[in-house]
Amino acid sequence: MADPLLQVENLRAGYGPAEVLFGVSLTLDPGEVAALIGRNGAGKSTTLKAIMGLLPARAGRIRLHGRDIANRPPFRIARSGLGYVPEDRRIFTDLTVFENLEVGRRPAGPGREPWTPERLFAVFPNLAEMRGRRASAMSGGEQQMLAIARTLMGNPDAVLLDEPSEGLAPVIVEQMADAVLRMKEQGIAVLLSEQNLDFAAAVADRAHVIERGEIRFEGTMAALEADEAVREAYLTV
């Protein structure tokens, strides 16, 4: 079997004196969609931030393409092929849709078809209709799509998506699911953090259930859906 694209081993991280992650381990294979699922405060966003270098890893190993990226500067991690879409999106609200995409442009690797605005507009038809609109005039769901599209302009091998369905209308959630599946079709691996089990089940191949900073379950989405005890213990509110 091929080595994982992303491998996290015994990751520990936190904020100030408070430790939040207690030995998190997970993998992401090339072209796979994996979900990190848990309640609010379980450690999902902290895990993604630590992988991306936005939060110091206190212990453990993080490897991308077999190379250690733990505690490297986020811009270097991005250049290594890992994209990141935070929950708060962080788009440039004074720029247009097209201008936001151009800000994210980076060359594609050898032999790979680069992402272009026109190619992205085929994946996100809503953005095509508002390419000249300022991002400040877009809805939350449209801004989320723009944040993902801008990340893809960097031609990453894998993308970390933090709560992509949070607070979105059902019709936008469906479009977001379609976008994740399109990314998978293009060979991009996706690790998404989610509370919405239905959304995760619609897009993910595999699930990691996290609770209080520890992975409590790892398996296929089908296995998680069939395991009522795990869902009841770690996912119900």
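Residue farthest toward the positive end of the dipole of region 114-186, with Cβ of Lys/Arg at +1 and Asp/Glu at -1: which of ALA128, VAL180, THR151?
Checked the options; the winner is ALA128.
With the cut-off at 1.5 for a/c, could you classify region 59-116 from its C-alpha gyration tensor as rounded, prolate or oblate?
oblate
Over the chain, what number does the Rg to Rh ratio reach, with both radii from the alpha-carbon atoms and Rh per Kirkwood?
That ratio is 0.95, to two decimals.
Taking every DSSP beta bridge that has both residues in region 6-234, what percent is antiparallel when rounded to the nearest 5?
Bridges in region 6-234 are about 55 percent antiparallel.
If I fit a long axis through the Cα atoms of helix 170-185 and take the longest principal axis of the Cα atoms of the chain, what angle between them do I get, 0 to 90°, rounded to 10?
90 degrees
Once both labels are modelled 7 Å past Cα along the beta-carbon direction, what's the ASP227-ASP198 spacing in nm?
Rounded to a tenth, the inter-label distance reads 2.3 nm.
Which net charge results when you count Lys and Arg as +1 and Asp and Glu as -1 among the other residues whose beta-carbon is under 12 Å from that of GLU194?
For residues surrounding GLU194, the net value is -3.
Work out from phi, with θ = phi - 60° and the Karplus expression 6.51 cos²θ - 1.76 cosθ + 1.60, the ³J(HN,Hα) of each residue of region 21-31, listed in order in whole Hz, and give x for Gly and Pro.
Once rounded to whole Hz, the list reads 9, 10, x, 6, 10, 7, 9, 9, 8, x, x.
So how tilted is helix 140-152 from the main axis of the chain? Cα-based, degrees 0 to 90, rounded to 10.
Orientation of helix 140-152: about 90 degrees from the principal axis.
Only the coordinates and a few stated rules stand behind these numbers; no lab work does. Just so you know, these numbers come straight off a predicted model, no measurement behind them. Cβ atoms come from the backbone with ideal geometry, glycine included; neighbour counts cover every protein chain shown.
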